[in-house]
């Protein structure tokens, strides 16, 4: 029998940034630590912390280093203004004034740390009483915090992002950031220590290294092909397209950065659902989150490790984490075999046949002149002719001229259920839509994988396929011991099966957003097919949706290629 491993052994590899003495003085007061991969931000300017966390998706650096280099140092360095033009001199003068105030503020924080300033006894006793003792959860929604992970696998990040309500995550992109760099001579992927007990650690690392080696080798090759095919595109555009083309090689174990904003209730639940999770990395992440947040808001977390009611706290954690494992032995034999898929697909499993009438009834129900019951309103709509229904929909949506403008709550009165199979890389973008019910199955190699058409056209697909098959081999070996753990070995080009149960209002938002030319073709095709299915179910509604059914060579190429050509022509004329 293997001895249980300590929680620290499940921490992902992480090398902290180094700072000079001056840099430490500048940045230390703004974070709970500078040497761990998990930390809470102590920045109370909404604009600054919002701008900083938004950098997560594009920046390869640690957010703390970005904050030092871009939000502190430039304003703490004296700049001469004598020889500058008047407008520039005024801006420089304002920066100097801000820098002086900022330097005084940092000095104040060293004398009076934020963690001490905000440990107000009255506020903490309030939450200890009304949240921890009496369970008034709504008051924990009144405050929010920012937590960042500098090194966490995609599998653990998805566990966090599965929580739909109360958390706002943003993670480092695989489309716009190069993941080929090594740290201390090793690629950045997670290796669970229990693999060594299975005698599969070395074979797993060989397969993961091969994925990253192939990813690294294909970037310049596919870049050369894309440059020849699209000679008018800039090197920057080509580079990002190259990253995007080969990102399917990155495994679910790939280490990345994610920043979270969440209210107190959401973070308490996140920690609760993590501490007893089957995966050690997730348990470690839960402990690390608890440790950092306890420094600044311990009253929000008292129930997580309640010493007075420890049995209740542990039982709740076991309940939340063990749902799937408790049911696994009860799955009917007819469902126990793996059902393989040969391609991406979308199926409309069910929809409300009275959906359009319910939506129109919802529109009328809230009209100023209507005081009828829901039942009477619905019955009145049921006998309207098509023209009358169209007029009501037209009036309700008149003035909506852009996809970001909300479609109205009346569209929440009808639901559809889609069963979808698509590659994990593209699924990650649809997973971000949280105002609907989503359930996914485990990541597996059983549904096959997608091969980018660019690699096929460039005759580069052979080495890509070889790396994919190597990953599938080690996946199967690990899965014989632990299917949860085997997920780490799955590259993101492999497909995942998931279900969306969504109302029509959410369909407006998701289908319109994810079919724009700037979006990725893998998820654009899925959303276009979902729209075709919705159109058959609700034709009166579909004609008001701003869904783009076009095809584009380059994601983010622009909404109108003719406009792009004109802009380039104008640039040449101006030059």
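The values are calculated or read from the model by the stated rules, or taken from the named source; none is laboratory data. Small disclaimer: the values here were computed from a predicted structure and weren't measured. No Cβ is skipped: glycine too gets one built from the backbone with ideal geometry, and neighbour counts run over all protein chains shown.
Please count how many residues of the range 1-60 are surrounded by 17 or more Cβ atoms within 10 Å (Cβ to Cβ), part of a helix (DSSP H, G or I) and more than 25 Å from the chain's Cα centre (by Cα).
So the count comes out to 5.
Looking at 201, 182 in this structure, which one is touching a helix residue (DSSP H, G or I) at 6+ places or on another chain (Cβ under 7 Å) and without any contact (Cβ under 8 Å) to a residue 24 or more places away in the chain? Walk me through it before giving the result.
Values: 182 fails: touching a helix residue (DSSP H, G or I) at 6+ places or on another chain (Cβ under 7 Å).
After ruling out the rest, the residue left standing is 201.
With respect to residue 568, is the statement that it is surrounded by fewer than 18 Cβ atoms within 10 Å (Cβ to Cβ), at pLDDT below 95 and in a helix (DSSP H, G or I) true?
yes
Residues that are surrounded by fewer than 18 Cβ atoms within 10 Å (Cβ to Cβ) and modelled with pLDDT under 95: list the helices (runs of 4 or more DSSP H) wholly contained in the range 210-309 that include at least 2 such residues.
Result: 235-246.
Determine, yes or no, whether residue 389 is surrounded by 14 or more Cβ atoms within 10 Å (Cβ to Cβ), more than 38 Å from the chain's Cα centre (by Cα) and either assigned to a helix (DSSP H, G or I) or on the phi > 0 side of the Ramachandran plot (or both).
In short, yes.
Name the single residue that is surrounded by the fewest Cβ atoms within 10 Å (Cβ to Cβ) among those in the range 517-535 being in contact with a strand residue (DSSP E or B) (Cβ under 8 Å, 6 or more places away or on another chain) and over 20 Å from residue 453 (Cα atoms).
Within the range 517-535, the match that is surrounded by the fewest Cβ atoms within 10 Å (Cβ to Cβ) is 533.
Going by the structure shown, is residue 496 in contact (Cβ under 8 Å) with a residue 60 or more places away in the chain, buried (at least 24 other Cβ atoms within 10 Å of the Cβ) and over 24 Å from residue 446 (Cα atoms)?
Details: in contact (Cβ under 8 Å) with a residue 60 or more places away in the chain: yes; buried (at least 24 other Cβ atoms within 10 Å of the Cβ): yes; over 24 Å from residue 446 (Cα atoms): no.
Taking the combined requirement at face value, the residue does not satisfy it.
Listed here are the residues, each with its yes/no results for (1) touching a helix residue (DSSP H, G or I) at 6+ places or on another chain (Cβ under 9 Å); (2) modelled with pLDDT of 95 or more; (3) buried (at least 18 other Cβ atoms within 10 Å of the Cβ).
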residue: 418; (1), (2), (3): yes, yes, yes
residue: 432; (1), (2), (3): yes, no, no
residue: 435; (1), (2), (3): yes, no, no
residue: 442; (1), (2), (3): yes, yes, no
residue: 450; (1), (2), (3): yes, yes, yes
residue: 461; (1), (2), (3): yes, yes, no
residue: 467; (1), (2), (3): yes, yes, yes
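How many residues, within the range 1-27, are over 18 Å from residue 485 (Cα atoms) and in contact with a helix residue (DSSP H, G or I) (Cβ under 8 Å, 6 or more places away or on another chain)? Full working, then the answer.
If we filter the range 1-27 for residues that are over 18 Å from residue 485 (Cα atoms), which is where we start, we get 1, 14-27.
Still in the running and in contact with a helix residue (DSSP H, G or I) (Cβ under 8 Å, 6 or more places away or on another chain): 17, 19, 23, 25-27.
Going through the range 1-27 one residue at a time, the tally reaches 6.
In this structure, does residue 320 turn out to be farther than 21 Å from residue 38 by Cα, within 28 Å of the chain's Cα centre (by Cα) and exposed (fewer than 11 other Cβ atoms within 10 Å of the Cβ)?
No, not satisfied.
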